[in-house]
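The values are calculated or read from the model by the stated rules, or taken from the named source; none is laboratory data. Computed from a predicted model, the values in this text were never measured in an experiment. With ideal geometry, Cβ positions are generated from the backbone for all residues, glycine too; neighbour counts draw on all protein chains shown. Just so you know, the surface numbers come from the protein's heavy atoms only, side chains and all, with ligands and any DNA or RNA stripped out. Shrake-Rupley method; radii C 1.70, N 1.55, O 1.52, S 1.80 Å.
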Amino acid sequence: MTRTVDVAVLGAGVAGSSMAKALADRGWETALIDRQSFPRHKVCGEFLSPESRSTLHALGLAEKVENLLPSKITRVRLIFENGADVELPLPGEAWGVSRYSLDSALLLAARQAGAELHAASSVAALKPLPKGFAVEMKRGGEACVLQARTVIAAWGANRRSGLPGYRPDGPASSAYIGVKSHFVGVDMEPVIEMYMFRGGYMGLCKVERGLVNAAALLERDSFAQAGKSVPDFLKEAARRNPRLAGRLAFAEPVAGSQAAVAPVFLRRKPQAWDGMPLLGDAASMLPPLCGDGMSMALRSAALCAPLADLYLRGGLSLADWEQEYTRSIRKEFAGPLRWGSLLQWAVGMPSAGKWLAAISKLNPGLAEGLIRATRLKPDQT
Ligand SMILES: Cc1cc2nc3c(=O)[nH]c(=O)nc-3n(C[C@H](O)[C@H](O)[C@H](O)COP(=O)(O)OP(=O)(O)OC[C@H]3O[C@@H](n4cnc5c(N)ncnc54)[C@H](O)[C@@H]3O)c2cc1C
């Protein structure tokens, strides 16, 4: 007979593992399902924004992350193709921590709270049942099914038609490629460095154990001739910004730390619910330039967990859960999404280096205000 759990959380990234922990903490039998095995490297700037800290505390996860010995970051520096730069303080202390360590730590916290992990298990279909869902998974070549009273989708930007949260791809001309690699041999201050160039940008962020993460978001068309491997893309990016080339000249890539993702579409319509709650990137994707995607993923879990708990206890209807969760996601995310898109567009302009440098000299408060507008407010949950 097929087993029934209280809740199945689909995707064990930042949003999914924190959600699974929160529900297992509340005593619910929780299955956490991911198509990958852990630990694994993942394309990300690995900059955990100051806004994440209050949410990590609210979720009981701050200490787990602090134990990973993240680097401390207090400023952001934008470095343009023409050599101009702008440096701004962050609204608080941020952390640099690899997704290799972070995702595994959050996953472990979920398991310690009692969640059961189904790794290397890809969710292929969800079938509605009179009370809940049948979750159909593929593990290796084998199919298996788990029944759940409720299901929560935290599988990132889902690109599989027929599964909740799917939105059709945008036009091919708006597709990006994301790449990352860890390096040794780069000395960094407590500053996240963002290098702008024609067709994209690259962030350098110090993470734990003195490693430096280089992550780039590249317009697919602009980098079509760059080659096929992650080092090819990173090399071509560095060629387009002389200061970046200088920075990476003596850097040594860490074997096995490279990852890539494509296509990435930034203009997906935000959607908090599709027959079930959508968390993190499954709900909406903030331009990665803002470095607040993980914070939003954590926040969506913190907002959704008490509502899921109430629903499972019979104290909230599905319709009321949908309404309340959608309302809170809109309230928290609408501003950062709007301002984040504006910032992404602005720094992509060829003249951005000149006018941003001018604004930040003439009116530093204005430049800082723009950065602040792209960010989540501190957690009140
Ligand atoms: C180039 C780049 C740089 C970025 N830099 C930063 C940064 O510096 N700071 C920041 O905060 N954010 C950054 N982001 C954004 C950040 O990575 C995301 O916002 C964050 O990972 C979202 O977390 P999530 O848990 O919603 O999804 P994910 O972390 O994507 O996790 C989703 C999980 O679901 C699993 N999954 C997917 N489909 C299935 C399936 N069918 N069955 C089972 N499992 C499935 C995946 O394997 C994955 O583990 C960056 C993004 C990019 C592309």
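Has the stretch 8-20 got at least one residue that is at pLDDT 95 or above and either open to solvent by 30 Å² or more (accessible area, probe 1.4 Å) or more than 12 Å from the ligand (Cβ to nearest atom) (or both)?
no
From F47, F80, grab the single residue that is more than 18 Å from G280 (Cβ to Cβ) and among the aromatic types (F, W, Y).
F80
Listed here are the residues, each with its yes/no results for (1) touching a residue at least 60 places away in the same chain (Cβ under 8 Å); (2) more than 9 Å from the ligand (Cβ to nearest atom); (3) open to solvent by 20 Å² or more (accessible area, probe 1.4 Å).
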| site | (1), (2), (3) |
| --- | --- |
| R35 | yes, no, yes |
| L56 | yes, yes, no |
| K64 | no, yes, yes |
| T74 | yes, yes, yes |
| E81 | yes, yes, yes |
| S98 | yes, yes, no |
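Please find, within the stretch 172-189, the residue that is most open to solvent (accessible area, probe 1.4 Å) out of those that are more than 19 Å from G246 (Cα to Cα) and more than 19 Å from the chain's Cα centre (by Cα).
This residue is S173.
Residues being in a helix (DSSP H, G or I) and charged (D, E, K, R): count how many of those fall in the stretch 289-309.
2
If W28 meets every condition in (1) farther than 25 Å from L307 by Cα; (2) in contact with a strand residue (DSSP E or B) (Cβ under 8 Å, 6 or more places away or on another chain); (3) open to solvent by less than 70 Å² (accessible area, probe 1.4 Å); (4) more than 7 Å from the ligand (Cβ to nearest atom) apart from one, which number is that one?
(1)
Given the criterion modelled with pLDDT of 95 or more, of a type in the set (A, V, I, L, M) and outside any loop (DSSP other than H, G, I, E, B), identify the matching residue among A216, A255.
Result of the check over A216, A255: A216.
List, please: which pairs have Cβ atoms under 7 Å, are six or more places apart or on different chains, and start with a residue in the stretch 252-273 that is among the basic types (K, R) and end with one that is more than 13 Å from the ligand (Cβ to nearest atom) and open to solvent by less than 60 Å² (accessible area, probe 1.4 Å)?
Every condition considered, the pairs that remain are R267/G170; R267/S174; R268/R167; K269/R167.
Hey, could you check the stretch 103-155 for residues that are at negative phi and in a loop (DSSP other than H, G, I, E, B) and say which is most open to solvent (accessible area, probe 1.4 Å)?
This residue is K131.
Can you tell me how many residues within the stretch 284-300 are at pLDDT 95 or above and more than 6 Å from the ligand (Cβ to nearest atom)?
Count: 3.
Conditions first: (1) open to solvent by 40 Å² or more (accessible area, probe 1.4 Å); (2) in contact with a Lys or Arg (Cβ under 8 Å, 6 or more places away or on another chain). A305 passes all but one, so which condition is the exception?
The failed condition is (1).
Can you tell me how many residues in the stretch 156-196 are at pLDDT below 95, part of a loop (DSSP other than H, G, I, E, B) and aliphatic (A, V, I, L, M)?
3
Would you please name the residue that is least open to solvent (accessible area, probe 1.4 Å), looking only at residues in the stretch 263-274 that are modelled with pLDDT of 95 or more and in contact with a strand residue (DSSP E or B) (Cβ under 8 Å, 6 or more places away or on another chain)? Lay out the reasoning, then the answer.
Step one: of the stretch 263-274, the residues modelled with pLDDT of 95 or more are 272-274.
Among the residues that remain, those that are also in contact with a strand residue (DSSP E or B) (Cβ under 8 Å, 6 or more places away or on another chain) are: 272, 274.
On the way: A272: 11, D274: 59 Å².
My answer is A272.
Looking at the structure I just gave you, is Q225 open to solvent by 30 Å² or more (accessible area, probe 1.4 Å) and within 14 Å of the ligand (Cβ to nearest atom)?
Considered against the rule, which asks whether it is open to solvent by 30 Å² or more (accessible area, probe 1.4 Å) and within 14 Å of the ligand (Cβ to nearest atom), Q225 comes out as no.
Of the residues that make up the stretch 78-92, is at least one modelled with pLDDT of 90 or more and part of a helix (DSSP H, G or I)?
no
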